[in-house]
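Only one structure is covered here, and it is reproduced in the block below.
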Amino acid sequence: MNEVLFIFAGLLLAKTAADYYLDWQNRRYVRSLSAAVPEALRTIVDEATYQKSVSYTLAGSRFGSANALYDAAVLAAVVLTGFLPWLFHALVQCTGAAGVWGYALVILALLVIMGLFDLPWDWAHKFKLEARYGFNKSTQALWLTDKLKGLAVTLALGWPVLALILWIAQTLPQWWLWAWLALTCFQLLMMVLYPRLILPLFNKLSPLPEGELKTALMDLADRTGFKASTIQVIDGSKRSGHSNAFFTGFGKMRRIVLYDTLIEQMTIPQLEAVLAHEIGHYRKGHVPRMLIVSSLISLVAFALIAYLAKSPWFLEGFGFKAEDGLYAALPIFVLCAGVVTFWLSPLMNMWSRKNEYEADAFAKDALGSPEALIEGLQKLHTANLSNLTPLPLYSFFHYSHPTLIERTEALRK
């Protein structure tokens, strides 16, 4: 094993061990509090629901740990045995790849093949784990159709975008800067096109019917200075019993989207509170700031890929040829970057939790009271069987949102 693969193996082992340790300690902590509903939660959840959430948390954690170990084993086997460069060159030979379109197709095909390894786990998660706890509403046929549609969308969008990036790399000086700019423009365009062209391929979006709920939500949007073009309902219940709400687009094209399951679970004041929280993200500038940070991270990634594509020690260390250049550096980076970015996730999660507290405070001020939001959060957590007692270290590392108890305490200050 050469030095590059030795370093990669060390990073992969460290990531896998840390992730498994956090999962294991979190399970121990949850079990230690499972004898009875903790005092802080007794007004929130009954004994039966609490025990079901504990069971779901433990089962999901065990499943996730097994999946993570499997993923690490597959990645290690693919990278350390030389399978990755073999597959790359086999695809080049089989397709007769030439030019940016040919190599873009090869890279996409390689990544799609790597994604096939996780399909059994995705199926088991939906039709075993989620079904056991009553969340899965999908059918085998729908699951397969979704996968095929996702593959078609990936090919239709990913192939020309990747070909454009490869063309820029061959044509322009400081190509990584121009490629980053092109990808950023594409991502902004997709924020507008996704809810109009892509999302309807998978879900049905219907206007929220006229009535008390729509009037209340539109009045709230007007009061808080948030102009949305429409409020839509998405048929999330077709696939899952989980619930959520989100916004799509930006500017005058913003749309409020509510899961049908969320509407069924909550009262009008609670739905107003959930919407006020989401509006808080926009009014506090969280969304554009997050886009800027994400874009800057992409810029750093492109600069690093450009450097690695010109580094024979890196390419040859992974078993490729130096002349493979960017064609090899891109899939290596996509598949292996997680062993490094894993350690940066707590920083992004800390920032995200700060934003959540600010959006909660905005909703509290907009409604004049925290109670509706607290009740709504409680319903979301209990209906989704969320982990109500996570290990503090685990939630610090993995959670993008504060825990229910933390949010409740902050709202009542």
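Quick one: Pro200 ticks every box in (1) in a helix (DSSP H, G or I); (2) touching a helix residue (DSSP H, G or I) at 6+ places or on another chain (Cβ under 9 Å) bar one, so which box is it?
(2)
Having 2 or more residues that are under 19 Å from the mean Cα position of the chain (by Cα) is the bar; report the strands (runs of 3 or more DSSP E) wholly within segment 229-326 that clear it. Give the derivation first.
Details: elements: 230-234, 245-248, 255-259.
Hits in segment 229-326: 245-248, 255-259.
Return the residues of segment 301-335 that are out of contact with any His (no Cβ under 9 Å at 6 or more places or on another chain), among the aromatic types (Phe, Trp, Tyr), crowded, with 21+ Cβ neighbours inside 10 Å and farther than 21 Å from Leu177 by Cβ; say none if nothing qualifies.
Across segment 301-335, the qualifying residue is only Phe318.
Residue by residue through segment 244-253, note down the ones that are buried (at least 16 other Cβ atoms within 10 Å of the Cβ) and at pLDDT 70 or above. Please lay out each step first, then the result.
Start the filter on segment 244-253 by keeping residues that are buried (at least 16 other Cβ atoms within 10 Å of the Cβ), which leaves 245, 247-249.
Those that are buried (at least 16 other Cβ atoms within 10 Å of the Cβ) and at pLDDT 70 or above: Ala245, Phe247, Thr248.
Kindly provide the set of residues from segment 356-368 that are more than 17 Å from the chain's Cα centre (by Cα) and assigned to a helix (DSSP H, G or I), ordered by number. Talk me through it step by step, then tell me what you get.
We begin by selecting, within segment 356-368, every residue more than 17 Å from the chain's Cα centre (by Cα); these are 357-368.
Scanning segment 356-368 gives Tyr357, Glu358, Ala359, Asp360, Ala361, Phe362, Ala363, Lys364, Asp365, Ala366, Leu367.
Please determine whether any residue of segment 45-68 is crowded, with 18+ Cβ neighbours inside 10 Å, small (Gly, Ala, Ser) and part of a loop (DSSP other than H, G, I, E, B).
Taking every residue of segment 45-68 in turn, none turns out to be crowded, with 18+ Cβ neighbours inside 10 Å, small (Gly, Ala, Ser) and part of a loop (DSSP other than H, G, I, E, B).
May I ask you to list the residues in segment 286-306 that are modelled with pLDDT of 90 or more and not aliphatic (A, V, I, L, M)?
Once the filter is applied, which keeps residues that are modelled with pLDDT of 90 or more and not aliphatic (A, V, I, L, M), segment 286-306 yields His286, Arg289, Ser294, Ser295, Ser298, Phe302.
Identify all residues within segment 365-394 that are of a type in the set (S, T, N, Q) and either within 22 Å of Ser240 (Cα to Cα) or surrounded by fewer than 20 Cβ atoms within 10 Å (Cβ to Cβ) (or both); write none if there are none.
The initial filter retains those residues of segment 365-394 that are of a type in the set (S, T, N, Q), namely 369, 378, 382, 384, 386-387, 389.
Residues satisfying the conditions are Ser369, Gln378, Thr382, Asn384, Ser386, Asn387.
Could you identify the single residue in Ala97, Ala77 that is modelled with pLDDT under 95 and within 30 Å of Phe314 (Cβ to Cβ)?
Values: Ala77 fails: modelled with pLDDT under 95.
Checking each option against the conditions leaves just Ala97.
If I ask for residues that are under 26 Å from Phe135 (Cα atoms) and among the polar types (S, T, N, Q), which ones from segment 185-240 would you list?
Asn203, Ser206, Gln232, Ser237, Ser240 - these are the residues of segment 185-240 that are under 26 Å from Phe135 (Cα atoms) and among the polar types (S, T, N, Q).
Can you work out which of the residues in segment 1-29 that are under 24 Å from the mean Cα position of the chain (by Cα) and aliphatic (A, V, I, L, M) is surrounded by the fewest Cβ atoms within 10 Å (Cβ to Cβ)? Lay out the reasoning, then the answer.
Here is the first cut: in segment 1-29, the ones under 24 Å from the mean Cα position of the chain (by Cα) are 11-27.
Filter once more, so that each one left must be aliphatic (A, V, I, L, M): 11-14, 17-18, 22.
Numbers: Leu11: 16, Leu12: 20, Leu13: 13, Ala14: 13, Ala17: 11, Ala18: 13, Leu22: 19.
Once the filter is applied, the top-ranked residue is Ala17.
So Ala40 fits all but one of (1) exposed (fewer than 14 other Cβ atoms within 10 Å of the Cβ); (2) modelled with pLDDT under 95; (3) among the hydrophobic types (A, V, I, L, M, F, W, C); (4) closer than 29 Å to Phe8 by Cα; what number is the exception?
(4)
Regarding segment 263-275, can at least one residue be identified that is surrounded by 14 or more Cβ atoms within 10 Å (Cβ to Cβ), in contact with a Gly (Cβ under 6 Å, 6 or more places away or on another chain) and not aliphatic (A, V, I, L, M)?
yes
Given the criteria free of Cβ contacts under 8 Å to residues at least 12 places away in the same chain and touching a helix residue (DSSP H, G or I) at 6+ places or on another chain (Cβ under 9 Å), does Gly158 qualify?
The answer is no for Gly158.
Does Ala72 qualify as being touching a residue at least 12 places away in the same chain (Cβ under 8 Å) and more than 25 Å from Gly158 (Cβ to Cβ)? Write out each step before concluding.
Details: touching a residue at least 12 places away in the same chain (Cβ under 8 Å): yes; more than 25 Å from Gly158 (Cβ to Cβ): yes.
Spelling it out, Ala72 is indeed touching a residue at least 12 places away in the same chain (Cβ under 8 Å) and more than 25 Å from Gly158 (Cβ to Cβ).
Tell me the residue from Ala216, Ala182 that is in contact with an Asp or Glu (Cβ under 6 Å, 6 or more places away or on another chain) and either small (Gly, Ala, Ser) or modelled with pLDDT of 90 or more (or both), please.
Ala216
For segment 156-204, give me each residue that is more than 23 Å from the chain's Cα centre (by Cα) and among the hydroxyl-bearing types (Ser, Thr, Tyr). Let's see the steps before the verdict.
Here is the first cut: in segment 156-204, the ones more than 23 Å from the chain's Cα centre (by Cα) are 160, 163-179.
Of everything in segment 156-204, just one residue is more than 23 Å from the chain's Cα centre (by Cα) and among the hydroxyl-bearing types (Ser, Thr, Tyr), namely Thr171.
Mind checking whether some residue in segment 83-90 is part of a helix (DSSP H, G or I), surrounded by 13 or more Cβ atoms within 10 Å (Cβ to Cβ) and touching a Cys at 6+ places or on another chain (Cβ under 7 Å)?
No, because not a single residue in segment 83-90 is part of a helix (DSSP H, G or I), surrounded by 13 or more Cβ atoms within 10 Å (Cβ to Cβ) and touching a Cys at 6+ places or on another chain (Cβ under 7 Å).
The values are calculated or read from the model by the stated rules, or taken from the named source; none is laboratory data. Bear in mind the structure is a predicted one, so any value in this text is a computation, not a measurement. FYI the Cβ positions are ideal-geometry reconstructions off the backbone, even for glycines, and counts take in every protein chain you see.
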